[in-house]
Amino acid sequence: MTTTKAAPTRVGRRDADEPQGWQFNSPLVLTMVLLLVVALQGPIRRALSAPVIQSWMTVFVAVVVQALPFLVLGVLLSAIIAVFVPPSFFARALPRRPALAVPVAGMAGAVLPGCECASVPVAGALVRRGVTPAAALAFLLSAPAINPIVLTATAVAFPRNPEMVLARFVASLLVACAMGWLWQRLGRTDWLRPPDHPSFDGLSKGAAFWGSVRHDIMHAGGFLVVGAMAAATLKAVVPASWVHTAAGNPLVSVLTLAILAVLLSICSEADAFVAASLSQFSLTARLAFLVVGPMIDLKLFAMQAATFGRGFALRFAPATFILAVLMSAVVGAVLL
């Protein structure tokens, strides 16, 4: 009795080769968008010529163009520090006594450029190398807030109010040191999860550098655009009576811009230009925006939770926010 082998079927291959209906891809979507723009060019041209849209576009372009050079420079310097400066350097430079290491680490942020996206992994590396967590957290808060790039951008954004530079430096440094000392006093070891190894381990210096630059440009640039859009919308669309009501109350204005800083999550190299465009608010309220933003916002909360654990972030972020708002109000009342 013989058996015949069945011929191999080609159903699977034929099914794979057959088109599976409409598939949207980038060229198709782009073509459809271009056709739609051409078909609606008349209404689009009339909408763009409206005074409110012209005002919105003017503010948006002005904020982005002013902030972009500082953003790029800050990202490049941040990547250099994150990749080429070993964490052991910070461990050797800091005093062994935690009470003294906190202000030294806080002041280190004034000479080491870096945005908040870079300060979190650097702080994690410091903790892994044995630096006391109180000092590492002081550096985490101060580095993106008082480094030379940020202070220079603040001076450029507020040419008629040079006292804003000093107020930002003093308020941010005081918050960073106070949070470090507070953690040293009240923090518990089980609240702080040991950070994982940095994502650039195993890569060459060049690859790690350009990887850091690409990451920070994409993230910081995106947040800059969102912040500029929000500032332009507030300037051109929101009724002036609403803004004047919020800006007219000192307490409400400070809380409004502090919460706005958390929600917008703008990179610290660019936030001064957004704050300068919010001219309806007092200098103290805008100082709160500049102090709170680099220390705690939505992206920073996520990064802190990923690096040190969610339990740490849930305790550290609210305390930082409250202390930053209070310190901004006090320093603003004295210096502004």
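Where residues in segment 297-316 are open to solvent by 10 Å² or more (accessible area, probe 1.4 Å) and among the hydrophobic types (A, V, I, L, M, F, W, C), which of them is farthest from the chain's Cα centre (by Cα)?
Only one residue fits best here, namely 314.
Quick check: anything in segment 266-286 open to solvent by 10 Å² or more (accessible area, probe 1.4 Å), outside any loop (DSSP other than H, G, I, E, B), at pLDDT below 95 and within 25 Å of residue 248 (Cα to Cα)?
Looking through segment 266-286, at least one residue is open to solvent by 10 Å² or more (accessible area, probe 1.4 Å), outside any loop (DSSP other than H, G, I, E, B), at pLDDT below 95 and within 25 Å of residue 248 (Cα to Cα).
Within segment 317-329, track down each residue that is open to solvent by less than 30 Å² (accessible area, probe 1.4 Å) and hydrophobic (A, V, I, L, M, F, W, C).
Residues satisfying the conditions are 317, 324, 325.
For segment 233-270, how many residues meet the condition of being touching a residue at least 60 places away in the same chain (Cβ under 8 Å) and over 18 Å from residue 333 (Cα atoms)?
8
Tell me which residues, restricted to segment 141-189, are free of Cβ contacts under 8 Å to residues at least 60 places away in the same chain and in a helix (DSSP H, G or I).
If the condition is that a residue be free of Cβ contacts under 8 Å to residues at least 60 places away in the same chain and in a helix (DSSP H, G or I), then 142, 143, 146, 148, 151, 155, 165, 169, 185, 186, 189 are the ones that fit.
The values are calculated or read from the model by the stated rules, or taken from the named source; none is laboratory data. Everything quoted here is computed from the prediction, not taken from an experiment. Heads up, the Cβs are rebuilt from the backbone with ideal geometry, glycines too, and the neighbour counts pull from every protein chain shown. Heads up: the accessible areas ignore ligands, DNA and RNA and are worked out on the full protein's heavy atoms, side chains in. Shrake-Rupley method; radii C 1.70, N 1.55, O 1.52, S 1.80 Å.
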